[in-house]
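Below you'll find the structure, written out as structure tokens, and then a few comments.
The values are calculated or read from the model by the stated rules, or taken from the named source; none is laboratory data. Since this is a predicted model, take the numbers as computed values, not measurements. Quick reminder, even Gly has a Cβ in these numbers, built from the backbone with ideal geometry, and neighbours come from all protein chains shown.
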Amino acid sequence: MRQVKKNYDFETFANSDSFLSIQLILIGLVLPLIYSDVYPVPLPENHRFPMRKYALLREQLMYEGVADENDFILAQPASRELILAAHTPEYWDKVCTLALSPQEERRLGFPQSPELVVRSRASVGGTWQASIFALKNGLAVTLAGGTHHAFADRGEGFCVFNDIGCTAKHLLATGKVNKVLVVDLDVHQGNGNAAIFADEPRVFTLSFHCKDNYPLKKERSSLDVEFPAFTRDNAYLTTLQDVLPPILTTFNPDLVYYIAGMDVMDGDRLGKFSLSLEGVKQRDKFVIQSVHRRNKPMVVVMGGGYPQNLNDLLRAYVEAYRFAASLYY
Ligand SMILES: [Zn+2]
């Protein structure tokens, strides 16, 4: 792995707070890893969202020698301007003033709180920082993000703001990219992404998902690939190998977002697929290798993952990041 180049263009940041984080990368980072798990969110006891997976992943990356403490970059809360690239001002105001109705809160799946606002903004900010790093240096990872169920005017499925919706729209609006590909391999359809980019031909949304799972009402992505429940490695991987390369070649994006959702794994409490740990590792390597082979900048975001036991999820992410870093750096 080589060090990240030290010729960073500071003007590319919409959020001036990010300047501090960039200074860290100048120290000599290998793989930009952006994290936001320092922004805690109070959840009721026994809430099914495994909030601790973020901190555990950070620890696991250090334990396995993929990164040390200084390699992590703190995600900065996204500015209002960045959030409004994809969301309505009314929704932004409602979230920030904790004015979601009980029904909206239920659909979101999280109780609203000031802490949730901070964390949700940081999640978008982290994806933004990762995007800028990737455009400059080829690859960045954020240990959050992939909040693909958030729509312009509402949140659902544990997604308050749509990180890729905000960042891709802002990158397009400011002329930093002309075409963006979203490879969404979370087990649930990226309905928020599909809706946010529905009228945006410069963004190609690819969603591999379980047709018998949430969301019940699917939106239309650029390409939806649906599988039945209990889909296993072979069917999934052969389809991926058929579908992804031609999209990369013909659409020819300037930036690829990879939502490496781990809820495809067998035993996930909210997924319905039966992919093995080995199958998921192959999936990630195939995506990363395909993108790298075409010299495309890539941002890897986490997406979902709700296993009984977090070990396999952590293993899969560590392996993917290690492999990605070995190619790009
Ligand atoms: Zn999911």
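So Ala168 ticks every box in (1) assigned to a loop (DSSP other than H, G, I, E, B); (2) away from the ligand (no atom under 16 Å from the Cβ) but one. Which box is left unticked?
Against the list (1) assigned to a loop (DSSP other than H, G, I, E, B); (2) away from the ligand (no atom under 16 Å from the Cβ), Ala168 comes up short only on (1).
Residues are listed down the side, and each one gets a yes or a no for (1) farther than 22 Å from Arg52 by Cβ; (2) in contact with a Lys or Arg (Cβ under 7 Å, 6 or more places away or on another chain):
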{"site": "Gln241", "(1), (2)": "yes, no"}
{"site": "Thr249", "(1), (2)": "yes, no"}
{"site": "Val264", "(1), (2)": "no, no"}
{"site": "Arg269", "(1), (2)": "no, yes"}
{"site": "Gln282", "(1), (2)": "yes, no"}
{"site": "Val300", "(1), (2)": "no, no"}
{"site": "Asn309", "(1), (2)": "no, no"}
{"site": "Leu314", "(1), (2)": "no, no"}
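List the pairs whose first member sits in the range 145-173 and is closer than 16 Å to Val256 by Cβ, whose second member is buried (at least 24 other Cβ atoms within 10 Å of the Cβ) and modelled with pLDDT under 95, and whose Cβ atoms are under 9 Å apart, counting only residues at least 6 apart or on separate chains?
If the second residue must be buried (at least 24 other Cβ atoms within 10 Å of the Cβ) and modelled with pLDDT under 95, the pairs left are Gly145/Ser36.
Quick check on the range 173-180. Is at least one of its residues assigned to a loop (DSSP other than H, G, I, E, B), within 16 Å of the ligand (Cβ to nearest atom) and within 30 Å of Arg80 (Cα to Cα)?
Taking the range 173-180 as the starting set, the residues that turn out to be assigned to a loop (DSSP other than H, G, I, E, B) are 174-179.
Remaining after also requiring within 16 Å of the ligand (Cβ to nearest atom): none.
Scanning the range 173-180, I find no residue that is assigned to a loop (DSSP other than H, G, I, E, B), within 16 Å of the ligand (Cβ to nearest atom) and within 30 Å of Arg80 (Cα to Cα), so the answer is no.
Scan Val280, Val318, Val299, Val291 and give me the residue that is touching a residue at least 12 places away in the same chain (Cβ under 8 Å) and within 16 Å of the ligand (Cβ to nearest atom).
After applying the criteria, what remains is Val280.
Quick one: how many residues across the range 247-268 are farther than 25 Å from Gly175 by Cα and more than 20 Å from the chain's Cα centre (by Cα)? Quick ask: steps written out before the conclusion?
Within the range 247-268, the subset farther than 25 Å from Gly175 by Cα is 260-268.
Filter once more, so that each one left must be more than 20 Å from the chain's Cα centre (by Cα): 266-267.
Qualifying residue count, the range 247-268: 2.
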